[in-house]
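Chemist: Encoded as structure tokens, here's the structure I'll be asking about.
The values are calculated or read from the model by the stated rules, or taken from the named source; none is laboratory data. These figures come from a predicted structure and were not determined experimentally. In this analysis, Cβ positions are derived from the backbone assuming ideal geometry, glycine residues included, and neighbour counts consider all displayed protein chains. Just the protein is used for accessible areas: all its heavy atoms, side chains included, with ligands, DNA and RNA removed. Shrake-Rupley method; radii C 1.70, N 1.55, O 1.52, S 1.80 Å.
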Amino acid sequence: MSDELKRGLEGVLVAESELSHVDGEVGKLVYRGYDIEDLARGASYEEVLYLLWHGSLPTRGELDAFTADLAAERAVDDDVLDTVRTLADAGERPMAALRTATSMLSAYDPDSADDADDDGDVAETARRQGRRITAKIPTILAAFQRARQGDDPVAPDPELSHAGNFLYMLTGAEPDDVSEETFDMALTLHADHGLNASTFTAMVIGSTMADVYSGVTGGIGALSGSLHGGANQDVMEVLQEIDDSEKDPVAWVKDAREDGRRIPGFGHRVYKVKDPRARILEEKLRDLSESSGDTTWLEYTTAIEEYLTEQGLPEKGIAPNVDFYSGSVYDSLGIPVDMYTPIFAMSRAGGWIAHVAEYQTDNRLIRPRARYTGPESAEFVPIDDR
Ligand code: ACO
């Protein structure tokens, strides 16, 4: 047994997976061998989900059946919607509200008591529960946002795509093609990313043979932190702060560096060059800005990136990650800033479920060790004598 300590499990191999591979040296991401660029531009989120969950890209017939099954699960029980409203009234943060509501969903799943190993097909159990969770998360999020605005929830429309239906439930109006395609692309880009912190959290939970509701609820908790999914919101808040104060973006970034602050949207544990998802979203932001005529966020992000490039950050392996551009893209779709991380969860839930299904198929309880640095022995003193 090795006593080598790897803080943050950096670089430690803990499992085999066929799902996604991140090459951080060249900036390449594949899902089951397919380049993320090809999937983002050519496949819908539903196709990507099918690929991750079932192992191959679907035929037209397989996709139609899969999409219909997913769409049929979108409605959420009234009790859950009541809870979502209560959480919104209490001013709960969106990721925390999503975590609570997702956990509650299991009470209304007729198969939630199925143990992962009950019917001998653990992957199928995970996918069945996962399909319900994936279909319902957008309904929860849209209802939460509408409740905060004092609006009633909009019932899902099974005729719309996963991406289109979310935007419809959020705004009450069917989205135009560009908005739907842009949002669908963002979902595809965030669907999976190796053993990131939230995926690993879901896997650790799954490795105890707990159900997928527990795994996804844990994943949401892990994703909510500012070192992980919370960074896209931080980026947008920076851009807004720059805009509100009419400060030069370069002056802002210089001050932040002088204060020793980290620049949100830069740096990554695995990528040492620009994240390929950031490249795709940057291009999307450019298109959206040019067609709307509002280039503010594009100008700010470009100025910050150029300045940090001149300062040699990318040479040190600190380059833009996906969060540097996703916020600006969501803003152009009219999505509120604190919904960015929940949207990330809405997409990544597909990856968490795929990893739990894959891992449970050849399960080994995940149980590492800590090096004990406490006292050798301590004499116990009863409470009244302390
Ligand atoms: N701005 C400035 N310096 C940075 C940044 C940054 N965003 N990120 C890393 N560095 C520096 C660190 O200060 C450190 O410098 P030092 O060696 O002189 O002390 C060096 O780079 C290495 O940093 P670590 O924290 O050891 O790298 P780690 O692999 O743990 O960090 C992380 C990865 C957490 C993402 C980090 O880059 C960060 O905090 N970035 C900002 C938050 C962010 O954008 N998160 C989103 C990640 S992508 C995602 O989750 C979808």
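Chemist: Looking at residue 315 and the list (1) within 16 Å of the ligand (Cβ to nearest atom); (2) farther than 25 Å from residue 164 by Cα; (3) open to solvent by 10 Å² or more (accessible area, probe 1.4 Å); (4) in contact (Cβ under 8 Å) with a residue 24 or more places away in the chain, which single condition is not satisfied?
Modeler: (4)
Chemist: Now a separate question. Quick one: is residue 288 at pLDDT 95 or above and either away from the ligand (no atom under 11 Å from the Cβ) or in a helix (DSSP H, G or I) (or both)?
Modeler: no
Chemist: While we're here: So if I check each of 142, 123, 135, 202, which one is modelled with pLDDT of 95 or more and surrounded by fewer than 23 Cβ atoms within 10 Å (Cβ to Cβ)? Before the answer, list the steps.
Modeler: Values: 142 fails: surrounded by fewer than 23 Cβ atoms within 10 Å (Cβ to Cβ); 123 fails: modelled with pLDDT of 95 or more; 202 fails: surrounded by fewer than 23 Cβ atoms within 10 Å (Cβ to Cβ).
Unique residue meeting the criteria: 135.
Chemist: With the checklist (1) within 16 Å of the ligand (Cβ to nearest atom); (2) of a type in the set (Asp, Glu); (3) open to solvent by less than 60 Å² (accessible area, probe 1.4 Å) in hand, flag the one item residue 331 doesn't pass.
Modeler: Result: residue 331 passes all but (1).
Chemist: Moving on. Name the single residue that is farthest from the ligand (Cβ to nearest atom) among those in the stretch 179-200 being within 13 Å of the chain's Cα centre (by Cα) and of a type in the set (S, T, N, Q).
Modeler: Per the criteria, the residue is 188.
Chemist: Of the conditions (1) in contact with a strand residue (DSSP E or B) (Cβ under 7 Å, 6 or more places away or on another chain); (2) loosely packed, with under 14 Cβ neighbours inside 10 Å; (3) aliphatic (A, V, I, L, M), residue 65 fails just one. Which one is it?
Modeler: The failed condition is (1).
Chemist: I would also like to ask the following. Considering the stretch 1-53 alone, what residues qualify as being in contact (Cβ under 8 Å) with a residue 12 or more places away in the chain, over 25 Å from residue 274 (Cβ atoms) and in a helix (DSSP H, G or I)?
Modeler: Across the stretch 1-53, the qualifying residues are 46, 47, 49, 50, 53.
Chemist: Suppose the filter is at pLDDT below 95, open to solvent by less than 20 Å² (accessible area, probe 1.4 Å) and either outside any helix (DSSP H, G or I) or within 30 Å of residue 279 (Cα to Cα) (or both); does residue 116 pass it?
Modeler: Against the criterion (at pLDDT below 95, open to solvent by less than 20 Å² (accessible area, probe 1.4 Å) and either outside any helix (DSSP H, G or I) or within 30 Å of residue 279 (Cα to Cα) (or both)), residue 116 qualifies.
Chemist: Sticking with this one: Is there a residue being touching a residue at least 12 places away in the same chain (Cβ under 8 Å), within 16 Å of the ligand (Cβ to nearest atom) and in contact with a Ser or Thr (Cβ under 9 Å, 6 or more places away or on another chain) anywhere in the stretch 157-178?
Modeler: Checked the stretch 157-178: no residue is touching a residue at least 12 places away in the same chain (Cβ under 8 Å), within 16 Å of the ligand (Cβ to nearest atom) and in contact with a Ser or Thr (Cβ under 9 Å, 6 or more places away or on another chain).
Chemist: If a residue must be surrounded by fewer than 24 Cβ atoms within 10 Å (Cβ to Cβ), in a helix (DSSP H, G or I) and in contact (Cβ under 8 Å) with a residue 60 or more places away in the chain, how many such residues does the stretch 218-233 contain?
Modeler: Residues flagged as surrounded by fewer than 24 Cβ atoms within 10 Å (Cβ to Cβ), in a helix (DSSP H, G or I) and in contact (Cβ under 8 Å) with a residue 60 or more places away in the chain within the stretch 218-233 amount to 1.
Chemist: Check whether at least one residue in the stretch 266-276 is out of contact with any Gly (no Cβ under 9 Å at 6 or more places or on another chain), more than 8 Å from the ligand (Cβ to nearest atom), open to solvent by less than 20 Å² (accessible area, probe 1.4 Å) and in a helix (DSSP H, G or I), and report yes or no.
Modeler: Of all residues in the stretch 266-276, those out of contact with any Gly (no Cβ under 9 Å at 6 or more places or on another chain) come to 266.
In the following step, the residues that additionally are more than 8 Å from the ligand (Cβ to nearest atom) were identified as none.
No, there is no match, as no residue in the stretch 266-276 is out of contact with any Gly (no Cβ under 9 Å at 6 or more places or on another chain), more than 8 Å from the ligand (Cβ to nearest atom), open to solvent by less than 20 Å² (accessible area, probe 1.4 Å) and in a helix (DSSP H, G or I).
Chemist: Here's something else I'd like to know. In this structure, does residue 351 turn out to be of a type outside the set (Asp, Glu) and on the phi > 0 side of the Ramachandran plot? Show your work before the answer.
Modeler: Working: of a type outside the set (Asp, Glu): yes; on the phi > 0 side of the Ramachandran plot: no.
No; evaluated as a whole, the condition is false for this residue.
Chemist: Turning to a different aspect of this structure: Collect the residues in the stretch 352-386 that are of a type in the set (S, T, N, Q) and closer than 12 Å to residue 208 by Cα, keeping them in residue-number order.
Modeler: Matches in the stretch 352-386: 360, 363.
Chemist: Hey, another quick one. Please enumerate the residues belonging to the stretch 297-312 that are within 19 Å of residue 276 (Cβ to Cβ) and within 14 Å of the ligand (Cβ to nearest atom).
Modeler: 301, 305, 308, 309
Chemist: Among residues belonging to the stretch 245-254 that are open to solvent by 30 Å² or more (accessible area, probe 1.4 Å) and within 12 Å of residue 304 (Cα to Cα), point out the one that is nearest to the ligand (Cβ to nearest atom).
Modeler: That would be 254.
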